[in-house]
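Asker: Got a structure for you, questions after.
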Amino acid sequence: MKILARENLVTSPAQVDWRKIGQPRWYDCKLGRMSDKKLSTLTGVSLRVIRHRRELFGIQVWRVDMAIAPYEHLLETETNVRIAQLSGVSWWSVKAYRLSRGIDRVRKTKPAKGCDSGQALPPGHPLAPFRPLIGMIDDAAIAKVAGTKKQAVTTVRIELGLDEGAKIKTVSRKRTLRDFVGPLLGYESLFASMSDLGISRHVGVNLSLVEARRRELNIKPYRKTSKLDPYEHLLGQVPIKLLSKLAGISEARIREIKARLGK
């Protein structure tokens with residue numbers, strides 16, 4: 001039987017000292033296949049033990065490029081989002097990997113009907129203004145902002161030779177409550193719009209009581225969200241004007257967020 005050597009082995013199997021390693025563990029096959037921290041969480045074994053056991057086997061620490069490497073042949077034909085979906089890493093990690101290989105853009109070989117070599121839609125095409133979004137997000141989201149049918153977007157995307165982008169996760173609606181009547185009560189509706197500390201200061205109730213009341217009602221701590229949150233991964237990837245239409249906020253606000261995030 002032919003045994004394939006692992007690429008991330010520092011020492012050969014013959015150099016492994018099983019006297020130090022001891023009994024095999026069910027998770028040994030995963031050492032170096034994911035981060036030590038992730039494996040620790042998965043197995044319930046301490047991070048220190050996972051790291052020490054990996055080092056005893058002579059296995060290199062996992063790096064994100066190890067997950068992307070099997071899909072390197074797709075860098076010239078698939079989008080960052082698509083490769084991220086396949087490899088299980090973030091799209092910006094794929095982008096960094098792509099740039100490190102000297103590939104600054106996707107080179108498609110199947111042009112759309114009437115398209116030029118740069119994959120632009122012909123002038124006057126109803127989806128031309130939304131071309132940067134095709135393949136970046138799901139067809140339904142593009143159809144909604146473009147005011148057309150999903151099938152029209154799907155047809156153009158297939159002609160361009162692009163896979164459908166990741167589905168946009170909508171911001172979940174906050175659970176609202178009515179205010180209860182009673183001693184040290186009457187502020188429950190504020191949990192949807194204020195932090196525990198903010199409520200405590202606003203109504204004059206001790207912070208510990210506010211926190212206890214929130215937990216009693218099984219409400220998650222308030223976190224300020226933005227309409228741009230579901231589209232934040234598109235910053236720097238598509239024009240601000242399109243992001244403005246998608247998120248429903250001003251271009252000035254998007255520029256402000258982009259500058260703050262350094263994108």
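The values are calculated or read from the model by the stated rules, or taken from the named source; none is laboratory data. It should be emphasised that the depicted structure is a prediction, and the values quoted were computed from it without experimental measurement. In this analysis, Cβ positions are derived from the backbone assuming ideal geometry, glycine residues included, and neighbour counts consider all displayed protein chains.
Asker: Just to be sure, is LEU190 at pLDDT 80 or above, closer than 30 Å to SER250 by Cα and either among the polar types (S, T, N, Q) or part of a helix (DSSP H, G or I) (or both)?
Answerer: The answer is yes for LEU190.
Asker: Also, quick follow-up: Of all the helices (runs of 4 or more DSSP H) wholly in the stretch 19-95, which have at least 2 residues that are buried (at least 16 other Cβ atoms within 10 Å of the Cβ) and in contact with an Asp or Glu (Cβ under 7 Å, 6 or more places away or on another chain)?
Answerer: Once the helices (runs of 4 or more DSSP H) in the stretch 19-95 are filtered for at least 2 residues that are buried (at least 16 other Cβ atoms within 10 Å of the Cβ) and in contact with an Asp or Glu (Cβ under 7 Å, 6 or more places away or on another chain), what remains is 47-57.
Asker: Condition first: under 30 Å from SER250 (Cα atoms), surrounded by fewer than 16 Cβ atoms within 10 Å (Cβ to Cβ) and in contact (Cβ under 8 Å) with a residue 60 or more places away in the chain. Can you find one or more residues in the stretch 169-177 that meet it?
Answerer: yes
Residue-wise test of (1) under 24 Å from SER93 (Cα atoms); (2) at pLDDT 85 or above; (3) touching a Ser or Thr at 6+ places or on another chain (Cβ under 6 Å); (4) of a type in the set (A, V, I, L, M, F, W, C).
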site	(1), (2), (3), (4)
PRO183	no, no, no, no
VAL203	no, yes, no, yes
LYS224	no, no, no, no
ASP229	yes, no, no, no
GLU251	no, no, yes, no
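Asker: A follow-up question, please. Would you mind telling me which numbered condition in (1) modelled with pLDDT under 80; (2) under 30 Å from VAL205 (Cβ atoms); (3) in contact with a helix residue (DSSP H, G or I) (Cβ under 9 Å, 6 or more places away or on another chain) SER172 fails?
Answerer: Going through (1) modelled with pLDDT under 80; (2) under 30 Å from VAL205 (Cβ atoms); (3) in contact with a helix residue (DSSP H, G or I) (Cβ under 9 Å, 6 or more places away or on another chain) one by one, SER172 breaks only (3).
Asker: Among the residues of the stretch 154-168, count how many are in contact (Cβ under 8 Å) with a residue 40 or more places away in the chain and either among the hydrophobic types (A, V, I, L, M, F, W, C) or surrounded by fewer than 19 Cβ atoms within 10 Å (Cβ to Cβ) (or both).
Answerer: 8
Asker: Among the residues in the stretch 62-69, are any within 21 Å of LYS37 (Cα to Cα) and of a type outside the set (A, V, I, L, M, F, W, C)?
Answerer: Among the residues of the stretch 62-69, at least one is within 21 Å of LYS37 (Cα to Cα) and of a type outside the set (A, V, I, L, M, F, W, C), which makes the answer yes.
Asker: Looking only at the stretch 211-263, filter to residues that are in contact with a Leu (Cβ under 8 Å, 6 or more places away or on another chain), of a type in the set (A, V, I, L, M, F, W, C) and in a helix (DSSP H, G or I); which one of those is surrounded by the fewest Cβ atoms within 10 Å (Cβ to Cβ)?
Answerer: Going through the qualifying residues, I end up with LEU261.
Asker: Quick check on my filter: what residues within the stretch 182-206 are over 30 Å from ILE257 (Cβ atoms) and surrounded by 12 or more Cβ atoms within 10 Å (Cβ to Cβ)?
Answerer: Hits for the stretch 182-206 are LEU184, LEU185, GLY186, TYR187, GLU188, VAL203, VAL205.
Asker: Something else: Do we have ARG48 as at pLDDT 80 or above, in contact with a helix residue (DSSP H, G or I) (Cβ under 8 Å, 6 or more places away or on another chain) and either over 30 Å from ASP163 (Cα atoms) or not basic (Lys, Arg) (or both) here?
Answerer: On the way: at pLDDT 80 or above: yes; in contact with a helix residue (DSSP H, G or I) (Cβ under 8 Å, 6 or more places away or on another chain): no; either over 30 Å from ASP163 (Cα atoms) or not basic (Lys, Arg) (or both): yes.
So ARG48 fails the test.
Asker: Within the stretch 25-39, is even one residue under 24 Å from ALA166 (Cβ atoms) and in contact with a Lys or Arg (Cβ under 8 Å, 6 or more places away or on another chain)?
Answerer: no
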